[in-house]
Amino acid sequence: MTQPISALTIVPPGRALTGRVVLPGSKSITNRMLLIAALARGTSRLTGALKSDDTIHMAAALRQLGVTVEEPDATSFIVSASGALQPSPSPLFLGNAGTAMRFLTAAAATIRGTTVLDGDAHMRKRPIAPLVDALNRMGVSAEAPSGCPPVQVRGEGLPGGRVVVDAGLSSQYVSALLIAAACADGPVEIALAGGGIGARGYIDLTLAAMTTFGGRVTPIGDTGWQVSPTGYHATDAMVEPDASAATYLWAAEVLTGGQIDIGLSPERFSQPDAKAQALIAAFPHMHERIDGSQMQDAVPTLAVLAAFNSQPVRFTGIANLRVKECDRIRALSTELNRIRSGLAEEQGDDLLVHGDPGLAGQTLPTAIETYADHRIAMAFALAGLKIGGIRILDPGCVAKTYPAYWDALTSLGVPLVPDE
């Protein structure tokens, strides 16, 4: 899809979906590597990278901070840096890119000067206070008066020492501190408040990216890390395909009885959302209780799939979904019930989906509100593979992480009808 459209109706293909789809690069890995390469001295080449709204915001912000970021082709970045970010006279605008906002907030502490970080209306509702509080405890002057962006950081270099961070809302707070800590004035020990963390698998992605660029991190038990002040060295790195994007194709496969080649088996992904494939493969007999804490971005996919399951599915461990691009628990419940009343319900921070295989084959004209959330749009498109009349509002919001999503469905033979 190249022209902006207000809505897109999914026409059930009525057959098994087969074919090959080239996945985009991982957003999570791309944005980690972009920042780390910008903190390194020398020139790094990232291949297989994602070009989407989130990574474009990160690259633009790095250019404002004195880094040269070239884009020689559709899946590569060449990053040339001096090993230190420079002050930006104007605020960094990061849209609704959570990784860019959180990671750059911590990295701004290494800049000798004042950095203002802001985003769109959605970003201004996303909490960042735990990260700001952690920076202040380290001796960095940082403030976010509303508890959400905009953020102002007055950097004089990141001190060494020990800091405790509350990662209950997001593991990105920990990742942000870990990445920046390699450029601190001394060793930094990072510990979790209460031992709680949103998604530990994403911490592992951060540690792997840091190691690739010469960072040195030593675990301290299960809830802490010590980061050596090594800085980073430039290197060439390959970005893994996006596992969260893969979940939509795995789900499309089981919903239609098809076979879609994405070029990579589930066990070869390092991203935590790849664990969702085993749950998807159990369809239409998905387990009655699914802990989504360690595969949070896969929950929308799993929840829409559960609507066609042979038994109800309760999703637990997903409280963090309330502070994503939108309140995804509320969005999933609301839009599933828009398809058919009583299909889902919120129970505290759990989501209960009452599976009904009889939905398949029905025509239930429904306009799906996407809340400017790419994952809501992509997940509910799956419902349209089996139910007639599913209409996705604001389909262009998928550009946040998977700009070619609708083209991928079309290539598999899914008819899509844009609003005239």
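Bear in mind these aren't lab numbers, they're just calculated from the coordinates by the rules spelled out. Note that the structure is a prediction, hence the values are computed from the model and not measured. Because the Cβ atoms are built from the backbone with ideal geometry, glycine has one as well, and the counts that use them run over all protein chains shown.
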*In square nanometres, what is the average projected area of the Cα convex hull of the range 1-67?*
7.1
*Could you grab the relative contact order for the chain? Cα pairs under 8 Å, six or more apart, rounded to a whole percent.*
20
*Starting from the Cα-Cα distance between residue 264 and residue 419, subtract it from 0.36 nm times their residue separation and give me the gain in nm to one decimal.*
52.3 nm
*Sequence of 304, 254 once ranked by neighbouring C-beta atoms within 10 Å, starting from the fewest*: 254, 304
*Summing Lys, Arg as +1 and Asp, Glu as -1, what charge do residues with Cβ under 14 Å from the Cβ of residue 26 carry, residue 26 excluded?*
-1
*Of all the C-alpha pairs in the range 270-420, what % are more than 20 Å from each other?*
45
*Using a 10 angstrom cutoff on alpha carbons, build the Gaussian network for the chain and name the most mobile of 229, 72, 312.*
72
*Burial order of peptide ranges 353-360, 78-85 (average beta-carbon count within 10 Å, highest first)*: 78-85, 353-360
*asked:* Counting just the Cα atoms, what span does the range 27-238 cover along each of its three principal axes? Round to the nearest Å and put the largest first.
replied: 45, 36, 30
*asked:* What distance in nm separates the two pseudo spin-label positions at residue 114 and residue 226, each 7 Å out from Cα along the beta-carbon direction?
replied: 3.8
*Report relative contact order for the range 154-294 in percent, whole number only (criteria: Cα-Cα under 8 Å, sequence separation at least 6).*
21
*To the nearest 500 deg cm²/dmol, what mean residue ellipticity at 222 nm is calculated for the chain from DSSP H runs of n ≥ 4 alone, each contributing -39,500 (n - 2.57), summed and divided by the residues?*
-9000 deg cm²/dmol
*Under a plain spin-label model, where a point goes 7 Å from the Cα along Cα-to-Cβ, how far apart in nm are residue 236 and residue 146?*
4.4
*asked:* For a protection proxy built on the mean count of beta-carbon atoms within 10 angstrom, sort 331-338, 277-284 highest first, please.
replied: 331-338, 277-284
*What share of all Cα pairs of the chain, in percent, falls into each consecutive 10 Å distance bin?*
5, 23, 32, 24, 13, 3, 0
*Using a Gaussian network model of the chain with C-alpha springs under 10 Å, which one of 189, 70, 369 is most mobile by mean-square fluctuation?*
70
